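Student: Quick one: the structure is below, and I'll ask about it shortly.
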Amino acid sequence: MAGALDGYRIIDLTSMIAGPWATMILGDQGADVIKVETRGCGDHVRAGGNRQGGLPANFLNNNRNKRSITIDLKDPRGRDAFLRLAASADVVVQNFRPGVVERLGVDEAAVRNVAPKIVYVSISGFGENGPYAGKPTYDPLIQAISGLASVQGGSDDRRPRLIRTIVPDKLTAVTASQAITAALLARERTGKGQHVRLSMLDAVIAFLWSSDMGSQTFPDAEISVQRAASFIDLIYETRDGHMSVAVMNDREWAGLTRALERPEWLDDKRFASPRLRDANIDERLSMTQEVLRTRTTDDWLARLEKAGVPCAPVLHRCDLTGHPQIQASGILIETDHRDAGRLRQARPAIRFEGTPSSIRRGAPQLGEHTDEILREAGLSDALIADLRAQSIVGEEAS
């Protein structure tokens, strides 16, 4: 069966993680994703380590289900070739710094001139306006300015901390993929394309406002120093490792006291309600930690599960693949890549009953599909050969 986005063509001008993962999500769902890269170097992630068959793991994990074409967009003939390609597309996605696509002549107006119904997507770091608009952007900078690092630190009077994975990049990718499908749905209804803009900063602040910005929600209220939230750092040491235990309501609190054999905690006025347990978080967590150190993780899992207390082991990355829940869920799949060999990757997270996602091809080598893509755009073999000879498209012969 075809994927949900079968028949849609997406031109991917992005690099790094946010843009490429967004378009890979759409490729997994059936879209024809054409990755347009710079001759000679391509996506910056191609230069990374942990490689097989000339391809690094991070590139493989963000660029499957794509074809690669290399074009020198600074050359007018390269730009013209790109615009001929864009004329056949439904979506163009770019994450250059503001102003770059205008200088290259592949901005929204130029593309819409050849593709009137295009959905043109611009992903930026800090947005199109303001003193930071032109700054180079990396994930730690967005974690810093968005308030995420402060939230991760636990409270305003503690040292801010980074989340040790690139949440802003990945959250922007998921947000962008949803925005693209929404814009395509709107086009189906109205017959009109549109320019979709989003920034990493927008994505993260919207994400945080859902649960972490209560004290900033009421504009007329005085804002106090943000204290630690009750869900922060619920990771405990056991005799042989670490685990997470999360108690949110009275029933779970009672279950915890039974599992830990501490019935007297039920009579402690500091913990008599969720609000009080939240207010006395430091005492509650330290008491819980003291008990959990006395037994192994497996012992506590059995006791806590019997008492109806939400809990899970902390897995190291090397333990993840063999865990019974991961295996039973089928979350990880293995495929064969022509150059990189056997790969283990996460399957597409969304499972469609009638239009299943699939991995149809592995991530491409740089410029691997240049000729076939240009032919599909209507360029003759003679013209393609001429563009190659002038180093405007394609890679040098190896």
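Student: Based on the Cβ-Cβ distance of LEU266 and LEU185, what FRET efficiency does E = 1/(1 + (r/R0)^6) give at R0 = 45 Å, to the nearest 0.05?
Tutor: Efficiency, from the Cβ-Cβ distance: 0.30.
Student: Can you compute the FRET efficiency between MET248 and ASP298 using 1/(1 + (r/R0)^6), with r the Cβ-Cβ distance and R0 = 22 Å? Round to the nearest 0.05.
Tutor: 0.40
Student: Whenever you get a sec, compute what percent of the accessible area on the chain sits on carbon and sulfur atoms (1.4 Å probe).
Tutor: 51
Student: Within region 136-190, report the trypsin sites (Lys or Arg not before Pro) that DSSP leaves as loop and that have at most 15 other Cβ atoms within 10 Å.
Tutor: When the trypsin sites (Lys or Arg not before Pro) of region 136-190 are filtered for loop state and at most 15 Cβ neighbours within 10 Å, ARG158, ARG161, ARG164 remain.
Student: With 24 Å as the limit, write out which pairs from LYS170/LYS192; LYS35/LYS170; LYS66/LYS135; LYS269/LYS306; LYS35/LYS74 have Cα-Cα distances beyond it, or answer none.
Tutor: LYS170/LYS192; LYS66/LYS135; LYS269/LYS306
Student: Against the longest alpha carbon principal axis of the chain, how many degrees, from 0 to 90 and to the nearest 10, is the axis of helix 297-306 turned?
Tutor: For 297-306 against the chain, the angle is about 80 degrees.
Student: Working out 0.36 nm times the residue gap between SER358 and ASP157, then minus their Cα-Cα distance, what length gain in nm do you get to one decimal?
Tutor: 67.7 nm is the gain from fully extending SER358 to ASP157.
Student: Is the shape of the chain best called rounded, prolate or oblate, per the rule: a/c under 1.5 gives rounded, else a/b larger than b/c gives prolate, else oblate, with a ≥ b ≥ c the square roots of the Cα gyration tensor eigenvalues?
Tutor: Here the chain falls in the prolate category.
Student: Related question: With a 1.4 Å probe and all protein chains left in place, how much accessible area per residue does the chain have, in Å²?
Tutor: Here the per-residue accessible area is 53 Å².
Student: Give me the angle, in degrees from 0 to 90, between the Cα long axis of helix 250-259 and the longest principal axis of the Cα atoms of the chain, rounded to the nearest 10.
Tutor: That helix lies at roughly 70 degrees to the long axis.
Student: State whether region 169-303 is rounded, prolate or oblate according to the following rule on the C-alpha gyration tensor (a ≥ b ≥ c being the square roots of its eigenvalues): a/c under 1.5 gives rounded; otherwise a/b larger than b/c gives prolate, and the remaining case gives oblate.
Tutor: In terms of gyration-tensor shape, prolate.
Student: Another one. Output the 0 to 90 degree angle, nearest 10, between the alpha-carbon long axis of helix 200-209 and the longest principal axis computed from the alpha carbons of the chain.
Tutor: 30
Student: Can you compute the label reach from ARG344? Point 7 Å from Cα along the Cβ direction, backbone N cut-off under 13 Å, restricted to region 1-36.
Tutor: No residue qualifies, since no backbone N sits under 13 Å from the label point.
Student: If amide hydrogens are placed 1.01 Å from N in the peptide plane, which non-local residues have theirs closer than 5 Å to the one on HIS337?
Tutor: For HIS337, whose amide H was placed from the backbone, the distant partners under 5 Å are ARG342, LEU343.
Student: Between region 15-47 and region 84-148, what is the C-alpha centre distance in whole Å?
Tutor: 14
Student: Which trypsin sites (Lys or Arg not before Pro) in region 47-102 pass both tests, a DSSP loop state and at most 15 other beta-carbon atoms within 10 Å?
Tutor: When the trypsin sites (Lys or Arg not before Pro) of region 47-102 are filtered for loop state and at most 15 Cβ neighbours within 10 Å, LYS74 remain.
Student: Amide H neighbours of HIS242 under 5 Å, counting only residues 5+ apart in sequence or on other chains, H built in-plane at 1.01 Å?
Tutor: The list, which skips near neighbours in sequence, is VAL314.
Student: Once fully extended, how much extra length lies between HIS195 and ARG351, figured as 0.36 nm per residue of separation less the alpha-carbon to alpha-carbon distance?
Tutor: Gain on stretching HIS195 to ARG351: 53.3 nm.
The values are calculated or read from the model by the stated rules, or taken from the named source; none is laboratory data. All figures in this text were calculated on a predicted structure; none of them were measured in a lab. So basically every Cβ, Gly included, is an ideal-geometry build from the backbone, and we count neighbours across all protein chains shown. The protein model used for the area step is the full one, side chains on, heavy atoms only, and it has no ligands, DNA or RNA in it. Shrake-Rupley method; radii C 1.70, N 1.55, O 1.52, S 1.80 Å.
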